[in-house]
Amino acid sequence: MEARAELKYARISPRKVKIVLDLIRNKQCDYALAVLRHTPKAACEDLEKLLRSAMANAENNYNMDTKRLYVAECYVGQGPILKRIRPRAHGRAYRIDKKTSHITLVLKEKE
């Protein structure tokens, strides 16, 4: 039995999210929440909200005990890239790629 939560089109680069996901992979949910709350990274706010959502899904949809939950899987994939133009010298234009992420958390119960 597993509970999952997904965040699509998050306006943050997958490379930045992956750093934080590596910190909480295979950790108890209470510990993972504490890590996210005290880590000074931009992705932590979105991931904390996503983890709370996955815990609520586990409790309400699957009657799982929230004290025994751990982060079984967490991964991030690249979403669509928003392409923007930055004016430069001599009439040129440089492209700015604003990357998006699709983040997935899977929680399971410890036996």
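Of all residues being more than 14 Å from the chain's Cα centre (by Cα) and within 30 Å of Glu59 (Cβ to Cβ) in the stretch 73-111, which is modelled with the lowest pLDDT? Just the residue, please.
Here the residue is Glu111.
Of all residues in the stretch 62-80, which are out of contact with any strand residue (DSSP E or B) (no Cβ under 8 Å at 6 or more places or on another chain), touching a residue at least 12 places away in the same chain (Cβ under 8 Å) and over 23 Å from Asp46 (Cβ atoms)?
Lys67
Does any residue in the stretch 17-38 that is among the β-branched types (Val, Ile, Thr) come within less than 8 Å, Cβ to Cβ, of a residue that is surrounded by fewer than 17 Cβ atoms within 10 Å (Cβ to Cβ) and not in a helix (DSSP H, G or I) six or more places away or on a different chain, and which pairs are these?
Close Cβ pairs (under 8 Å, with a partner that is surrounded by fewer than 17 Cβ atoms within 10 Å (Cβ to Cβ) and not in a helix (DSSP H, G or I)) amount to Ile19/Lys41; Val20/Thr39; Val20/Lys41; Val35/Lys27.
Residues to consider are Lys108, Lys99; find the one that is over 25 Å from Asn26 (Cβ atoms) and buried (at least 16 other Cβ atoms within 10 Å of the Cβ).
Just a single option satisfies the conditions, and that option is Lys99.
Does the stretch 87-109 contain any residue that is without any contact (Cβ under 8 Å) to a residue 24 or more places away in the chain, of a type in the set (Ser, Thr, Tyr), over 18 Å from Arg4 (Cβ atoms) and assigned to a strand (DSSP E or B)?
So far as the stretch 87-109 goes, yes, one or more of its residues are without any contact (Cβ under 8 Å) to a residue 24 or more places away in the chain, of a type in the set (Ser, Thr, Tyr), over 18 Å from Arg4 (Cβ atoms) and assigned to a strand (DSSP E or B).
Quick check on the stretch 28-46: of everything there that is under 13 Å from the mean Cα position of the chain (by Cα) and among the acidic types (Asp, Glu), which residue is surrounded by the most Cβ atoms within 10 Å (Cβ to Cβ)?
Asp46
Every residue in the stretch 60-76 that is crowded, with 16+ Cβ neighbours inside 10 Å and assigned to a loop (DSSP other than H, G, I, E, B), please.
The answer is Met64, and nothing else.
Given Lys8, Lys49, which one is exposed (fewer than 15 other Cβ atoms within 10 Å of the Cβ), at pLDDT 95 or above, under 11 Å from the mean Cα position of the chain (by Cα) and over 20 Å from Gln78 (Cβ atoms)?
Lys49
Would you confirm whether or not the stretch 38-49 contains a residue that is under 20 Å from Ala10 (Cα atoms) and either part of a strand (DSSP E or B) or of a type in the set (Lys, Arg) (or both)?
Yes, the conditions are met somewhere in the stretch 38-49.
Going by the conditions given, is Asn57 part of a helix (DSSP H, G or I), loosely packed, with under 14 Cβ neighbours inside 10 Å and out of contact with any helix residue (DSSP H, G or I) (no Cβ under 6 Å at 6 or more places or on another chain)?
no
The values are calculated or read from the model by the stated rules, or taken from the named source; none is laboratory data. Since the model is a prediction, treat every value here as computed from it, not as a measurement. Here Cβ is always computed from backbone atoms with ideal geometry, including for glycine, and neighbour counts include all displayed protein chains.
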